[in-house]
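The values are calculated or read from the model by the stated rules, or taken from the named source; none is laboratory data. For clarity, every value in this text was computed on a predicted model and none was experimentally measured. Positions of Cβ are backbone-derived with ideal geometry, glycine not excepted, and every protein chain shown enters the neighbour counts.
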Amino acid sequence: MSIHEGLGTIEPHIWDSLGGSRDPFLSHAFLHALETTECLQPYGWYPYHILVHEEGRLLAATPLYAKSNSYGEFVFDWAWADAYERQGLTYYPKLVSGIPYTPATGARLLIAPDASEPEELTNILIQQTIDFAHQNKLSSVHWLFTYKSENDKLCNHGLMRRLGCQYHWENHGYRDFDEFLSTFSSRKRKNVKRERRRVTEQGISLHVLHGNELNEEIIETFHGFYLNTFERHWGIPTLSLAFFQQIARRLGDRFVLVMAKKNGDWIAGAANFRGIDTLYGRYWGCKESMENLHFEACYYAGIEYCIEQGLKRFEPGAQGEHKIPRGFLPTPTWSAHWIADPEFRRHLQRFCHQEEMAMEQECQALMALSPYREQQEPTP
């Protein structure tokens, strides 16, 4: 087992053999771009990736970060940190296994596909991560947005489970957008058509561009839109122009930009990432507010792209009940948490259990907002 403070010493194809070729956020290109373009350390993310080798061959790994705050995680534990501090304990630094600023479900315990003993390697990764936290007197370890099967393995090691909810779209083999809309109730179908029509009436056209089709002007323009979004909402724009330049070059057609144009000028854009069977919506920005443009660029254009490309699902990011009437249904997300302090662990275990029951009830209630004529079940 070894600890790597970054992926710079690891060959991209070797790292990607553990899952980065399927998941854009696990790719060497994405993670290394974050590490080398001033997107992590200034905001409290410090890479400490755990790797397991045998006879010089990489067999397993987990992306891991020491954190000095809880920003950019999307599984909120600010209240946990406050409670720790009130008792005179130190919550930060902590460890996080996840993708910075990216609330997308994926593998966190990466195992070589042809490994002879995958379960043993999984157990080694979990135990080595907890041991690392113990040795460095860290308060906790958090595995964020894991697959359900992976989360079960983590919880078998005594970790606490947290249930969250996002809104995902499933492709049921639609031939085109019209066939997808035909599954809606009449009122909801008319609403979507009206929203899309209104964008066209404003003289706006949308253009889907992949990373290998982007020039410097378009990348700089989109980054300006990205900055505008955070300035409007008093947020912290953690991703640099250099980051977008690098991922466009290295991810190529796995970076999908939907750009909106009016009167010959780019006015808005939505950045997506393409996995082996999933489209992930991530960043949005605009120069000026236009009616329904956000829905068109961030949701409808992505659905249309998935249908055309034969992708199975579209995950447009965290939060947003307004996604439901546009075809995105409540879908569970999972995280697992290890807490060093035994007393806090007992209290938080009870909290997580109560939170999960409340979240299940909320997701069930939200399904009543589904626009579909017949209930459709999202893939867990």
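Of all the criteria given as (1) more than 23 Å from the chain's Cα centre (by Cα); (2) touching a residue at least 40 places away in the same chain (Cβ under 8 Å); (3) not assigned by TED's automatic domain parsing to the domain that holds residue 225, the one not satisfied by residue 354 is (2). Kindly indicate whether any position in the range 151-165 is surrounded by fewer than 21 Cβ atoms within 10 Å (Cβ to Cβ), under 17 Å from residue 98 (Cβ atoms) and without any contact (Cβ under 8 Å) to a residue 60 or more places away in the chain. Yes, some residue in the range 151-165 is surrounded by fewer than 21 Cβ atoms within 10 Å (Cβ to Cβ), under 17 Å from residue 98 (Cβ atoms) and without any contact (Cβ under 8 Å) to a residue 60 or more places away in the chain. The single condition among (1) at pLDDT below 95; (2) part of a helix (DSSP H, G or I); (3) within 22 Å of the chain's Cα centre (by Cα); (4) not small (Gly, Ala, Ser) that residue 303 does not satisfy is (1). None of 188, 193 is without any contact (Cβ under 8 Å) to a residue 24 or more places away in the chain and among the charged types (D, E, K, R) except 193. The set of residues from the range 129-150 being surrounded by fewer than 13 Cβ atoms within 10 Å (Cβ to Cβ) and hydroxyl-bearing (Ser, Thr, Tyr) comprises just one member, 149.
Restricting attention to the range 38-94, the residues that are outside any loop (DSSP other than H, G, I, E, B), more than 19 Å from residue 236 (Cα to Cα) and polar (S, T, N, Q) total 1.
Here residue 175 clears all of (1) touching a helix residue (DSSP H, G or I) at 6+ places or on another chain (Cβ under 7 Å); (2) basic (Lys, Arg); (3) farther than 19 Å from residue 95 by Cα except the condition numbered (1).
The residue that is farthest from the chain's Cα centre (by Cα), among those in the range 1-28 that are assigned to a loop (DSSP other than H, G, I, E, B) and β-branched (Val, Ile, Thr), is 9.
Among the residues of the range 228-247, the ones that are among the aliphatic types (A, V, I, L, M) and more than 21 Å from residue 69 (Cβ to Cβ) come to 3 in all.
None of 208, 199, 192, 141 is assigned to a strand (DSSP E or B) and more than 30 Å from residue 353 (Cα to Cα) except 208.
Scanning the range 249-268 for residues that are crowded, with 17+ Cβ neighbours inside 10 Å, more than 18 Å from the chain's Cα centre (by Cα) and part of a helix (DSSP H, G or I) yields a count of 1.
Checking each residue in the range 110-149 for being within 19 Å of residue 54 (Cβ to Cβ), hydrophobic (A, V, I, L, M, F, W, C) and out of contact with any His (no Cβ under 8 Å at 6 or more places or on another chain) picks out 110, 111, 112, 115, 121, 124, 125. Residues in the range 80-99 that are surrounded by fewer than 19 Cβ atoms within 10 Å (Cβ to Cβ) and not hydrophobic (A, V, I, L, M, F, W, C): 82, 85, 86, 87, 88, 90, 92. Limited to the range 288-320, what total is found for residues that are surrounded by fewer than 22 Cβ atoms within 10 Å (Cβ to Cβ) and over 26 Å from residue 100 (Cα atoms)? Here the count works out to 10. From the list 28, 32, the lone residue that is surrounded by 19 or more Cβ atoms within 10 Å (Cβ to Cβ) and free of Cβ contacts under 8 Å to residues at least 24 places away in the same chain is 28.
Taking the range 108-128 as the range and being over 19 Å from residue 338 (Cβ atoms), surrounded by fewer than 17 Cβ atoms within 10 Å (Cβ to Cβ) and either among the polar types (S, T, N, Q) or in contact (Cβ under 8 Å) with a residue 40 or more places away in the chain (or both) as the test, the residues that pass are 113, 116. Is the range 74-87 home to any residue that is of a type outside the set (Phe, Trp, Tyr), in contact with a strand residue (DSSP E or B) (Cβ under 9 Å, 6 or more places away or on another chain) and in contact (Cβ under 8 Å) with a residue 24 or more places away in the chain? Scanning the range 74-87, I find at least one residue that is of a type outside the set (Phe, Trp, Tyr), in contact with a strand residue (DSSP E or B) (Cβ under 9 Å, 6 or more places away or on another chain) and in contact (Cβ under 8 Å) with a residue 24 or more places away in the chain, so the answer is yes. Is it the case that residue 96 is hydrophobic (A, V, I, L, M, F, W, C), in the same structural domain as residue 146 (by TED's automatic domain parsing) and in contact with a Phe, Trp or Tyr (Cβ under 7 Å, 6 or more places away or on another chain)? Yes; evaluated as a whole, the condition is true for this residue.
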